[in-house]
Amino acid sequence: MQWLRRWIVRTSRAQNVDLSGRHIIVTGASTGSIGFETARTLAEWGAHVAITTRSDPDRAAAQLRERLGGRGEITGYTLDLTDAASVRQFADGFRTRNERLDVLINNAGVHLDLMSEWKQPKLVDGHEIHWRTNYLGTMQLTHALLPLQLQTGERYGEARVVNVVSMLYKRGMNSALFAPPARHNSWSAYGNSKLALVHATFELQRRHAPHLQAYCLHPGAVYTNIASKGLAGHPFIGKLRAALAPVEAFLLMTPEEGAQTSIHCATQPGLEGGRYFKNCAPEGSNTQAADTAAAARLWDETKVWVDAT
């Protein structure tokens, strides 16, 4: 049956690169996630990898080392992107402990309310939860680590930011990035947060290349536990999904397969940034993402928020 799965689930693989001496951060690397498998491969290829989870990062790091047979430079840290103090603490600590940061992989994120039941947005710090987690928290971290990355790029030739977005960024609208839409929809809110990250990727490239290269990507349709969190509060649907898990797993990518484009963008030598990737290859973005005026405005407004946080 594997031949059938290979025909249904078309995947690409990143080429092996010697990462000895490189320092890489992978956010959202809990067990069974895309981030976990991304970190595993990068450590296997020789990088010093710092992973983050919202809870029990030491356990995730230990499991990674176990998967690597006790090898690999992997350290776990707690990071909650919705908590400004948590982001500051992690970024400050990393800068204190490390003289370089070659790659920041912004993998952490949430996709909640998959049944679209919320008629009003769920707020964190006054912001819609997808926006606060996927975009604002990620950008606070990115800005906090940007000086170290630029220093690394100047000293060693290049540093990289890799933003894991989704093809669902196409559900986002530029108008919704600056004013709440009249009607709330969680799928659109998720798309808006990912469209904002696409803009941030392109703006990082425009402002900081060649010392910094920035990439965004769609990892593919991957079988992870993110859907379980999005279906919280629906035990019947959860049980039905659990019963159909073998079918879903057969039809979707594994986390290891879904990690390949992140790994490709983080490691492939000479890879031009400022682009959206899918299946380890660049793909054109839509007209909303091509709006440079919206991207510049969003960057400036985000920077004001970051500086005040």
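Read-outs throughout are calculated quantities, based only on the coordinates presented, and are distinct from any laboratory measurement. Just so we're clear, the structure is a prediction, and the values are computed from it rather than from any experiment. Counting neighbours? That spans all protein chains shown, and the Cβs are built from the backbone with ideal geometry, glycine included.
Things to note:
- Our note on the geometry: Cα centres of segment 104-174 and segment 16-85, 18 Å apart.
- DSSP beta bridges in the chain [antiparallel fraction, %, rounded to 5]: 15 percent
- Net charge, Ala85 excluded, C-beta distance under 12 Å - Lys, Arg +1, Asp, Glu -1: -3
- Of Ala176, Asn279, Val124, farthest towards positive along the dipole that unit charges on Lys, Arg, Asp, Glu beta carbons give the chain: Asn279
- Dipole-positive endmost among Ala294, Gly220, Tyr156 within the chain (Cβ charges, Cα centre): Gly220
- Unit charges on C-beta of K, R, D, E only; dipole of segment 7-112, Debye: 200 debye
- Peptides 202-212, 153-163 ordered by average Cβ neighbours within 10 Å, highest first: 153-163, 202-212
- Mean separation of Cα contacts under 8 Å, 6 or more apart, over the residue count of the chain: relative contact order %: 21 percent
- Vicinal HN-Hα couplings computed from phi for segment 120-133 (Karplus, 6.51 cos²θ - 1.76 cosθ + 1.60; Hz; Gly/Pro x): 10, x, 7, 9, 10, 6, x, 10, 4, 5, 5, 5, 5, 7
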